[in-house]
């Protein structure tokens, strides 16, 4: 079993267990710090809702809780990984919302408006564009919400239905920050 350390907030230096398996690539600490540094420059975390859409180890969601997000949701398809997520939350003594199942299906059944959606689907899944399309169709991103995609730098993804806020490259990985275009349906 491998462990990961939370990099910021009140849980800083606490460790969580990371699942084994080739389909789980926990987000590196340098990238996690970068994500939250960019977010901190854009929004106030208090009262905000964060979705770790393809949770895996859950490290992004736990970082979000540690750094002051009011509520964090974890979506995870793999049953063993889902169980480990809940165990990590128990060990950290934090409460969060956990949903087991296919992320695209879960997005279609929730009525929550997320302020931040972090998505790092399995690289070979081909889910990036379907994910972006589903978020758009379901209107689950809050008015000033931000989507953060972690993806292979070489992957071509159609972001045309969104506004590109920022992109940061880390050798073979890229972080892309997106927000809704202004022609979103009003609530």
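The values are calculated or read from the model by the stated rules, or taken from the named source; none is laboratory data. Remember, predicted model here, so these are calculated numbers, not experimental data. Quick reminder, even Gly has a Cβ in these numbers, built from the backbone with ideal geometry, and neighbours come from all protein chains shown.
Going residue by residue through segment 153-172, is there one that turns out to be in a strand (DSSP E or B), buried (at least 18 other Cβ atoms within 10 Å of the Cβ) and touching a strand residue (DSSP E or B) at 6+ places or on another chain (Cβ under 8 Å)? Yes: one or more hits.
For segment 108-129, filtered to residues that are within 23 Å of residue 31 (Cβ to Cβ) and modelled with pLDDT of 95 or more, the residue that is nearest to the chain's Cα centre (by Cα) is 118.
Go through segment 78-100 and give me each residue that's in a loop (DSSP other than H, G, I, E, B), over 14 Å from the mean Cα position of the chain (by Cα) and surrounded by 13 or more Cβ atoms within 10 Å (Cβ to Cβ). Result: 78, 94.
Taken together, 103, 7 contain a single residue that is surrounded by 17 or more Cβ atoms within 10 Å (Cβ to Cβ), over 25 Å from residue 113 (Cα atoms) and touching a residue at least 24 places away in the same chain (Cβ under 8 Å), which is 7.
Among the conditions (1) modelled with pLDDT of 95 or more; (2) surrounded by 19 or more Cβ atoms within 10 Å (Cβ to Cβ); (3) more than 16 Å from the chain's Cα centre (by Cα), residue 16 misses just one, which is (1). Report yes if some residue within segment 61-77 is under 13 Å from the mean Cα position of the chain (by Cα), buried (at least 18 other Cβ atoms within 10 Å of the Cβ), in a loop (DSSP other than H, G, I, E, B) and at pLDDT 95 or above; otherwise report no. Yes: one or more hits. For the criterion of being part of a strand (DSSP E or B) and closer than 21 Å to residue 4 by Cα, residue 51 passes.
Inclusion of residue 114 among residues that are in contact with a helix residue (DSSP H, G or I) (Cβ under 8 Å, 6 or more places away or on another chain), surrounded by 13 or more Cβ atoms within 10 Å (Cβ to Cβ), on the phi < 0 side of the Ramachandran plot and touching a residue at least 40 places away in the same chain (Cβ under 8 Å) is not warranted.
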